[in-house]
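The values are calculated or read from the model by the stated rules, or taken from the named source; none is laboratory data. Predicted model only: the values in this text are computed from it and were never measured. Neighbour counts run over all protein chains shown; Cβ positions are idealised from the backbone, glycine included. Each accessible area value is taken on the protein alone, full model and side chains, heavy atoms only, with ligands, DNA and RNA left out. Shrake-Rupley method; radii C 1.70, N 1.55, O 1.52, S 1.80 Å.
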Amino acid sequence: MAAQRGEGDGVVTRPGETGTEAPADVRERARAIPEAAVARLAVYLRVLSGMVEQGVTTISSEELAGAAGVNSAKLRKDLSYIGSYGTRGVGYDVEVLVSHIERILGLTRKHSVAVVGIGNLGHALANYGGFPSRGFPVAALFDIDPDLTGVPVGGIPVNHIDDITTVCAEREVSIGVIATPPQAAQAVCDRLVSAGVQCILNFAPVVLQVPDYVEVRKVDLAVEMQILSFHVARRADEAAGDVVNGIGVDGVVIRP
């Protein structure tokens, strides 16, 4: 059977191969992937899933890179981590690539999410349809306010924060989302960890102390705004400098 060279990296794939690997092989590949590449793989998956919905069957590295906002060399490097290569002159099979990325990101496993802190942000997260549609159904909600206990949000009754350990264990929650005020976040985190939750998405503006086996991702919207503010200020300063040096903001030379 003739072999075909993979697109861009010279790795050989063979017609008819499905790319199926043993779970141990998938775990080994996952451990070797840099964290920045993991974030980009999630972006590729979002783009590819949209293409599947549109009926697209194949895509070139240039097309996928453009849609994901990266250069094609970086995209091919990222995809090489998961052992998925395109065919020269054809590109990548979209559905096969989706399957590869889902396996490496652990999306073939069951994930249940708990949201703690049902304020404005917690309400929005509980009602967000993007979680279940991407394999992250919200299974439990918690708040310290007794008036919220039993009140359904997004179709799920709110439990009291004191029940985190019991409810999370019963519902096999694997991901906890903290949307509480900062002063309550560490105590909530401790309860989630005691319930066996090993992955936490933290929206509270504090650094959580967790055991080494617990993974924490921090989302600080204020920090993101400050970073954007820096870029706005830098561009404004550069534009002002151009004008001072006799160059207009549109590149036109200003003459006295």
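Mind listing whichever residues of the range 160-206 are of a type in the set (A, V, I, L, M, F, W, C), at pLDDT 95 or above, open to solvent by 40 Å² or more (accessible area, probe 1.4 Å) and more than 18 Å from F131 (Cβ to Cβ)? Answer for the range 160-206, where residues must be of a type in the set (A, V, I, L, M, F, W, C), at pLDDT 95 or above, open to solvent by 40 Å² or more (accessible area, probe 1.4 Å) and more than 18 Å from F131 (Cβ to Cβ): just A187. Taking the criterion of being polar (S, T, N, Q) and under 30 Å from L45 (Cα atoms), the residues of the range 132-179 that qualify are S133, S174. The set of residues in the range 87-142 that are open to solvent by less than 40 Å² (accessible area, probe 1.4 Å) and over 22 Å from G196 (Cα atoms) comprises T87, G91, Y92, V94, L97, V98, H100, I101, I104, G119, G130.
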